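The values are calculated or read from the model by the stated rules, or taken from the named source; none is laboratory data. Quantities reported herein were computed from a predicted structural model and do not represent experimental measurements. Here Cβ is always computed from backbone atoms with ideal geometry, including for glycine, and neighbour counts include all displayed protein chains.
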Amino acid sequence: MTIPDWQVHEYNEDFYVLRESGCINPEKPFLYSIFGDNRALLEDTGVAYDSPQKTVVPTAPVIMELMNKWAKRSHHAPVSLIVIHSHSHRDHIAADAQFQQTSGVQFIAATPSEIQKAAGIAKWPTDVGMIDLGNRIVDIIPIPGHDVASIALYDRVTGNLMTGDSLYPGRLYVNEAQIPTYAASAQRLADFVRLHPVAYVLGTHIEQGSQLYFDYSRGTVYQPQEHVLQLSRAHVFELAEAFRQMDGKPIKMAFPDFSVVPRTANSQ
Ligand SMILES: [Zn+2]
Ligand SMILES: [Zn+2]
């Protein structure tokens with residue numbers, strides 16, 4: 001049986017959800033690709049092979065092929081690519097060099113200052129910026145906490161909100177020292193969601209099972225009964241509520257579809 005390295009899901013012809021295989025790395029992260037009239041946006045570049053050599057996965061050819069197919073099918077001139085990251089952890093940036101080396105690609109490094117510059121964010125993290133793909137605005141919402149460079153992306157066309165590792169069906173890790181920062185970000189994200197229509201909340205991993213409160217342990221490669229990827233706007237409010245209940249203390253909070261897991265060490 002052949003297990004492909006990538007699963008490419010067409011949400012619609014201008015919005016793609018890509019998932020890296022668990023056979024490459026048990027993190028099996030999700031990537032997102034959104035097409036506008038002038039540019040395509042890629043969120044994250046994937047994770048390396050879970051081997052001692054940490055061989056990098058060829059992500060760029062997969063994206064370039066997707067872009068070619070898109071242009072052909074929609075009878076559109078080829079568009080350029082802009083690469084941004086949900087955050088800077090290594091399971092989301094492994095193939096960065098492949099894009100940095102490709103001419104015509106606007107590469108935004110996963111640092112607050114680079115994101116701030118590229119998205120025109122006046123004040124990090126309290127202001128919202130945007131990236132215009134050509135008749136398609138993607139709002140960039142700084143939500144530091146899980147990582148200093150964590151952002152959420154809001155696609156105004158589909159109403160999908162991409163929340164990275166800050167909100168997904170699984171264990172949301174937070175370093176103890178970052179709890180107040182994450183709490184403030186969760187509240188700002190809830191404020192944003194209150195004012196915008198949200199179709200789906202889309203994160204970058206699945207660790208929950210389809211049964212409520214159940215999560216697969218770290219390093220699980222095969223998850224036959226996993227939770228669906230999508231969460232709802234209600235989960236954004238629940239995340240803010242989780243941090244309100246924690247009240248700055250490192251308490252693990254379990255909810256039906258996700259948990260907040262404080263850690264002392266640096267975490268992914
Ligand atoms: Zn991750
Ligand atoms: Zn992470």
For the stretch 32-48, the count of residues that are assigned to a strand (DSSP E or B), surrounded by fewer than 24 Cβ atoms within 10 Å (Cβ to Cβ) and either without any contact (Cβ under 8 Å) to a residue 24 or more places away in the chain or within 16 Å of ligand 1 (Cβ to nearest atom) (or both) equals 2
Picking from 86, 103, the residue that is crowded, with 21+ Cβ neighbours inside 10 Å and either assigned to a loop (DSSP other than H, G, I, E, B) or of a type in the set (Phe, Trp, Tyr) (or both) would be 86
Selection from the stretch 245-268 of residues within 16 Å of ligand 1 (Cβ to nearest atom), part of a loop (DSSP other than H, G, I, E, B) and modelled with pLDDT of 95 or more yields 258
Screening 202, 172, 189 for residues that are in contact with a helix residue (DSSP H, G or I) (Cβ under 7 Å, 6 or more places away or on another chain) and in contact (Cβ under 8 Å) with a residue 40 or more places away in the chain leaves only 189
Being within 16 Å of ligand 2 (Cβ to nearest atom) and either assigned to a loop (DSSP other than H, G, I, E, B) or not β-branched (Val, Ile, Thr) (or both) narrows 110, 71, 122 down to just 110
Being touching a Leu at 6+ places or on another chain (Cβ under 6 Å), modelled with pLDDT of 95 or more and closer than 15 Å to residue 31 by Cβ narrows 162, 64 down to just 162
Note: among 145, 209, just one is surrounded by fewer than 22 Cβ atoms within 10 Å (Cβ to Cβ) and farther than 22 Å from residue 35 by Cα, namely 209
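A quick yes/no check of all residues on (1) hydroxyl-bearing (Ser, Thr, Tyr); (2) within 16 Å of ligand 1 (Cβ to nearest atom):
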site: 155; (1), (2): no, no
site: 163; (1), (2): yes, yes
site: 170; (1), (2): no, yes
site: 178; (1), (2): no, yes
site: 204; (1), (2): yes, yes
site: 220; (1), (2): yes, yes
Filtering the stretch 157-173 down to residues that are in a strand (DSSP E or B), near ligand 2 (Cβ under 10 Å from one of its atoms) and not small (Gly, Ala, Ser) yields 172, 173
When residue 58 is run through (1) under 26 Å from residue 170 (Cα atoms); (2) surrounded by fewer than 19 Cβ atoms within 10 Å (Cβ to Cβ), the failure sits at (1)
Of (1) on the phi < 0 side of the Ramachandran plot; (2) more than 16 Å from ligand 1 (Cβ to nearest atom); (3) over 17 Å from the mean Cα position of the chain (by Cα); (4) not hydrophobic (A, V, I, L, M, F, W, C), residue 75 fails just (1)
